1. Within 10 Å, at most 11 other Cβ atoms, and a DSSP state outside H, G, I, E, B define an exposed site. Report the longest part of the chain free of exposed trypsin sites (Lys or Arg not before Pro).
2. Rg (Å, one decimal) plus Dmax (Å, integer) for the alpha carbons of segment 48-100?
3. Could you please report the charge total around Val98, scoring K, R as +1 and D, E as -1 over all other residues with beta-carbon less than 15 angstrom from its beta-carbon?
4. Considering only the other residues whose Cβ falls under 12 Å of the Cβ of Ser21, what net charge follows from Lys and Arg at +1 and Asp and Glu at -1?
5. Binning at 5 angstrom from zero up to the longest distance, how are the C-alpha pair distances of the chain distributed in percent?
6. List the pairs from Lys64/Lys86; Lys43/Lys75; Lys43/Lys101 whose alpha-carbon separation is above 23 Å, in the order I gave them.
7. Just to verify a number: FRET efficiency for Gln39 and Lys64, C-beta to C-beta distance, R0 = 35 Å, to 0.05?
8. Taking 7 Å along the Cα-to-C-beta vector as the label spot, tell me the Leu47-Asn73 distance in nanometres, rounded to one decimal.
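Taken together, the values in this text are just the output of simple stated rules run on the coordinates, not laboratory data. The structure presented is a predicted model; accordingly, all values stated were derived computationally and were not measured. When we count neighbours, we look across all protein chains shown, and the Cβ atoms used for this are built from the backbone with ideal geometry, even at glycine.
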Amino acid sequence: QVQLVEFGGGLVQAGGSLRLSCAASGINFGDYAMGWYRQAPGKQRELVAIIHSGGTTTYADSMKGRCSISRDNAKNTVYLQVNSLKPEDTAIYYCNAVWRKAYWGQGTQVTVSS
């Protein structure tokens, strides 16, 4: 059974930082591209960042320079560090794993207060 479990969401003041973690089980983690997506109320789910199995990364334009995605294959965990948080970063943040199939976590709420 595949599980992706996100940790680290919460309430943060604008300008602050947050580190999200996603622990994966039931997959051969090293084979998967791991990503973070987010969905704000009334909006579509959008890409935040992806880290591929080889370590290359892709960021949404809105997040470049403010966030960093990393992975620890020994711990089957992917991380997202987000700095200089803005109220518009408020969303549910989802972890995603893709190789031959795609899997999603249940999401973690991030709320940025102004």
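1. 1-42
2. Over segment 48-100's Cα set, Rg and Dmax evaluate to 11.8, 35 Å.
3. Working: positive: Arg45, Arg71, Arg100, Lys101; negative: Asp31.
Local net charge: +3.
4. +1
5. Going out from 0 Å in 5 Å bins, the chain shows 2, 13, 25, 26, 19, 10, 5, 1, 0 percent.
6. Where the Cα-Cα span goes over 23 Å, the pairs concerned are Lys43/Lys75; Lys43/Lys101.
7. Values: r = 20 Å, r/R0 = 0.56.
Efficiency, from the Cβ-Cβ distance: 0.95.
8. 2.2 nm
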